Amino acid sequence: MNGIKHLSYEVLNRIVERRISSDERVWADRHLARCGVCRSERDWLERIRVYPTPFPTMPPLIGST
């Protein structure tokens, strides 16, 4: 293990929802600048926030009404 402490889901979620304090934002931005793992997690949260359902145009299942 390399000793890097990653941002918690709660912090990443506050970033995505734009509910993060300015002080915490400075600290998180510094971490994100050097941590690809956390950037990837933040990007994933951004994507699922925009597209919460996996297949929005998928037709209904046969026999389901």
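The values are calculated or read from the model by the stated rules, or taken from the named source; none is laboratory data. The structure presented is a predicted model; accordingly, all values stated were derived computationally and were not measured. Glycine also receives a Cβ, built like all others from the backbone with ideal geometry; neighbour counts cover every protein chain displayed.
Would you be able to say whether some residue in the stretch 12-28 is buried (at least 17 other Cβ atoms within 10 Å of the Cβ), among the β-branched types (Val, Ile, Thr), part of a helix (DSSP H, G or I) and free of Cβ contacts under 8 Å to residues at least 40 places away in the same chain?
Step one: of the stretch 12-28, the residues buried (at least 17 other Cβ atoms within 10 Å of the Cβ) are 12, 14-16, 20, 28.
Remaining after also requiring among the β-branched types (Val, Ile, Thr): 15-16, 20.
Pick out the ones that are also part of a helix (DSSP H, G or I) and you get 15-16.
Now drop any that are not free of Cβ contacts under 8 Å to residues at least 40 places away in the same chain, which leaves 15-16.
Looking for residues that are buried (at least 17 other Cβ atoms within 10 Å of the Cβ), among the β-branched types (Val, Ile, Thr), part of a helix (DSSP H, G or I) and free of Cβ contacts under 8 Å to residues at least 40 places away in the same chain, one finds at least one in the stretch 12-28, hence yes.
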Note on the stretch 29-39: residues surrounded by 10 or more Cβ atoms within 10 Å (Cβ to Cβ) and either assigned to a helix (DSSP H, G or I) or in contact with a helix residue (DSSP H, G or I) (Cβ under 8 Å, 6 or more places away or on another chain) (or both) are Asp29, Arg30, His31, Leu32, Val37, Cys38, Arg39
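Return the residues of the stretch 28-65 that are among the hydrophobic types (A, V, I, L, M, F, W, C) and modelled with pLDDT of 95 or more; say none if nothing qualifies. Give the derivation first.
From the stretch 28-65, those among the hydrophobic types (A, V, I, L, M, F, W, C) are 28, 32-33, 35, 37-38, 44-45, 48, 50, 55, 58, 61-62; that's our starting set.
Selection gives Ala28, Leu32, Ala33, Cys35, Val37, Cys38.
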